[in-house]
Amino acid sequence: MDVINAFFSVNTIAFTILGYSISWLELVGTIFNLVCVILAARRNIWNWPIGLIGVMLFGVLFYQINLYADVFEQVYYLITGISGWYLWARVGTNKNTDEKVLITTNSLRSNLYWVAGIAGASLLTGWIVSNLHIWLPTLFPEPASLPLLDAASTMTAFAAQFLMMRRKLESWYLWIIVDIVAVGLYWYKGVPFVALLYAAFLINAIYGWYTWRNNTAARANVKEAAPEKEPELCEA
């Protein structure tokens, strides 16, 4: 039990590099989350179970460094990770594509709704998170760090995760925004290893957008090239 408790503490150091001490919690969580996003970019369904482990570890990490919005974000990832795993499995996979699912896109109107929803939810969440230490001092003894920025990043990630569950290309645009913000946020909070992870996430998000876009473009070309069926004539 002592070994388990020690592992889940940010004070239990795995190694030190360039003067920065990396905890086992941060290290293992980073590995699982990195593998998860690489598999997601490749449209591989195994990204979901691997990601579930990563988000649980990061949830514990973020709680200990007072990024409360990010804690709720990990809970959301846990729930949607289970749902996403189910949805991708239910849709089924093409046996000729190495377990890679097909990708779709949103309409312009739908995307505008998403942008408005993210903005409104970010303002509301930022206000809530900034008051958690007042309303629930036992659970949240310290004020939240950068509550509005943290909330905006979290709400954008919520939307990106939901759209990824639905196999929408637009999810990667949102992930790119989230990763850019996260690099600066986690570096500022003194967890540069996580910041470097999100820099890798950013590169992977660009790759994911590229591969998913090619999938949608290829499908569009196939549809355009497919000959139209002649209407059947009814016998007199």
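The values are calculated or read from the model by the stated rules, or taken from the named source; none is laboratory data. The shown structure was predicted, so the numbers you read here are calculated from the model rather than taken from an experiment. Here Cβ is always computed from backbone atoms with ideal geometry, including for glycine, and neighbour counts include all displayed protein chains. These area figures cover heavy atoms from the full protein model, side chains too; ligands, DNA and RNA do not enter into them. Shrake-Rupley method; radii C 1.70, N 1.55, O 1.52, S 1.80 Å.
Considering the stretch 19-50, and only residues there that are assigned to a helix (DSSP H, G or I) and of a type in the set (Val, Ile, Thr), the residue that is most open to solvent (accessible area, probe 1.4 Å) turns out to be ILE31. Only one entry in ARG213, ARG167 is over 22 Å from VAL60 (Cα atoms), surrounded by fewer than 17 Cβ atoms within 10 Å (Cβ to Cβ) and of a type in the set (Lys, Arg), namely ARG213. Taking the numbered list (1) outside any helix (DSSP H, G or I); (2) touching a residue at least 40 places away in the same chain (Cβ under 8 Å); (3) open to solvent by 60 Å² or more (accessible area, probe 1.4 Å) in turn, THR16 passes all entries but (2). Quick check on the stretch 225-233. Is at least one of its residues open to solvent by less than 40 Å² (accessible area, probe 1.4 Å) and either at pLDDT 85 or above or assigned to a helix (DSSP H, G or I) (or both)? Scanning the stretch 225-233, I find no residue that is open to solvent by less than 40 Å² (accessible area, probe 1.4 Å) and either at pLDDT 85 or above or assigned to a helix (DSSP H, G or I) (or both), so the answer is no.
Looking at this structure, is ILE118 at pLDDT 95 or above, part of a helix (DSSP H, G or I), β-branched (Val, Ile, Thr) and open to solvent by less than 40 Å² (accessible area, probe 1.4 Å)? Yes. The residue list LEU123, LEU148, LEU196 contains one member that is closer than 22 Å to LEU57 by Cβ, open to solvent by 30 Å² or more (accessible area, probe 1.4 Å) and not in a strand (DSSP E or B), which is LEU196.
Residues of the stretch 113-129 that are within 16 Å of LEU169 (Cβ to Cβ) and free of Cβ contacts under 8 Å to residues at least 24 places away in the same chain: VAL115 alone.
Filter the stretch 1-13 down to residues that are open to solvent by less than 60 Å² (accessible area, probe 1.4 Å) and not in a helix (DSSP H, G or I) and give me whichever is farthest from GLN64 (Cα to Cα). In this case the residue turns out to be THR12.
Does LEU39 qualify as being modelled with pLDDT of 90 or more and within 27 Å of VAL183 (Cβ to Cβ)?
Working: modelled with pLDDT of 90 or more: yes; within 27 Å of VAL183 (Cβ to Cβ): yes.
Considered against the rule, which asks whether it is modelled with pLDDT of 90 or more and within 27 Å of VAL183 (Cβ to Cβ), LEU39 comes out as yes.
Just one of the listed residues (THR216, THR156) is of a type in the set (Ser, Thr, Tyr), touching a residue at least 40 places away in the same chain (Cβ under 8 Å) and more than 20 Å from THR30 (Cβ to Cβ), and it is THR216. When every residue of the stretch 55-64 is checked against the conditions, none turns out to be surrounded by 15 or more Cβ atoms within 10 Å (Cβ to Cβ), at pLDDT 85 or above and not in a helix (DSSP H, G or I).
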